[in-house]
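The values are calculated or read from the model by the stated rules, or taken from the named source; none is laboratory data. These numbers were taken from a predicted model, which means no experiment stands behind them. Cβ coordinates were reconstructed from backbone atoms using ideal geometry, including for glycine residues, and neighbour counts include every protein chain displayed. Only protein heavy atoms, including side chains, enter the accessible area calculation; ligands, DNA and RNA are left aside. Shrake-Rupley method; radii C 1.70, N 1.55, O 1.52, S 1.80 Å.
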Amino acid sequence: MSKYRLAVFDWNGTLLNDLSLVYASVQKIFRVYKLTPPTLEQYCNEISADFMQFYWSHGMPQYVTKDDLNKIRQDFFTLHWNNVFLNNDVYAILGFIIGRGLNISITSGEESSVLEERMKQFSLKPLFDLVRGSAWNKEVVLKETLQYFNILPSEAVYIDDTFDGITAAKNVGMDTIGFTGGYNSRERILVANPNFIIDSLDEIIRLSIFNS
């Protein structure tokens, strides 16, 4: 019997294997502004929730806004939408956790409308007890999620592929699982000091925290 009552997942880079598409959109953005794109390694080591700092540090003009970049990103995503799939073993992992008696939810910075469509595309929505998109401040949304389920932070675990997401969950008091196969590099994930670290999602099944 697990000590947890809730497992919260990030979406982009964690359940959805979209790093290649995201990085291609970054390259597109830099080309639109006639700038040399940073390398994939630079992106994985430097990108954060405050993504404008990343773009400015690589020469993006200060007059460029988040809306400008998001418009290019969304147009690019629309053109290449069908080239992105779930990470391996997602259905098996979710089934495993549900089978241990836990609720499962998503807290994601992805636009709520986009996340909704993707959940339908992969027939995932019926599996989740709560889905929160447009979570620009994950710390706030994670607190609201705990209140929704009426549980303590110590009764929940958060799985994310970014330094910022892991840090937000730790600030709330939740245990964290850092996934190294997404947006941030393994080194950056380690800096966030998650309680557990996995290199592939199927390692979740072998974690003792879900089998105790």
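Going through the stretch 22-33 one residue at a time, which ones are modelled with pLDDT of 95 or more and either surrounded by fewer than 22 Cβ atoms within 10 Å (Cβ to Cβ) or in contact with a His (Cβ under 9 Å, 6 or more places away or on another chain) (or both)? TYR23, ALA24, SER25, GLN27, LYS28, ILE29, PHE30, ARG31, VAL32, TYR33, listed by residue number. Annotation note: of LEU142, LEU201, the sole residue that is under 17 Å from ASP18 (Cβ atoms) and in contact (Cβ under 8 Å) with a residue 40 or more places away in the chain is LEU201. The lone criterion from (1) modelled with pLDDT of 95 or more; (2) open to solvent by 10 Å² or more (accessible area, probe 1.4 Å); (3) not basic (Lys, Arg) left unmet by ASN211 is number (1). Could we say that THR36 is outside any helix (DSSP H, G or I), among the polar types (S, T, N, Q) and open to solvent by less than 50 Å² (accessible area, probe 1.4 Å) here? Spelling it out, it is not the case that THR36 is outside any helix (DSSP H, G or I), among the polar types (S, T, N, Q) and open to solvent by less than 50 Å² (accessible area, probe 1.4 Å).
Could you say whether any residue in the stretch 51-67 is basic (Lys, Arg), in contact with a strand residue (DSSP E or B) (Cβ under 6 Å, 6 or more places away or on another chain) and open to solvent by 60 Å² or more (accessible area, probe 1.4 Å)? Within the stretch 51-67, not a single residue is basic (Lys, Arg), in contact with a strand residue (DSSP E or B) (Cβ under 6 Å, 6 or more places away or on another chain) and open to solvent by 60 Å² or more (accessible area, probe 1.4 Å).
Before we move on, is SER154 under 30 Å from ASN82 (Cα atoms), in contact (Cβ under 8 Å) with a residue 12 or more places away in the chain and of a type in the set (Gly, Ala, Ser)? So SER154 fails the test.
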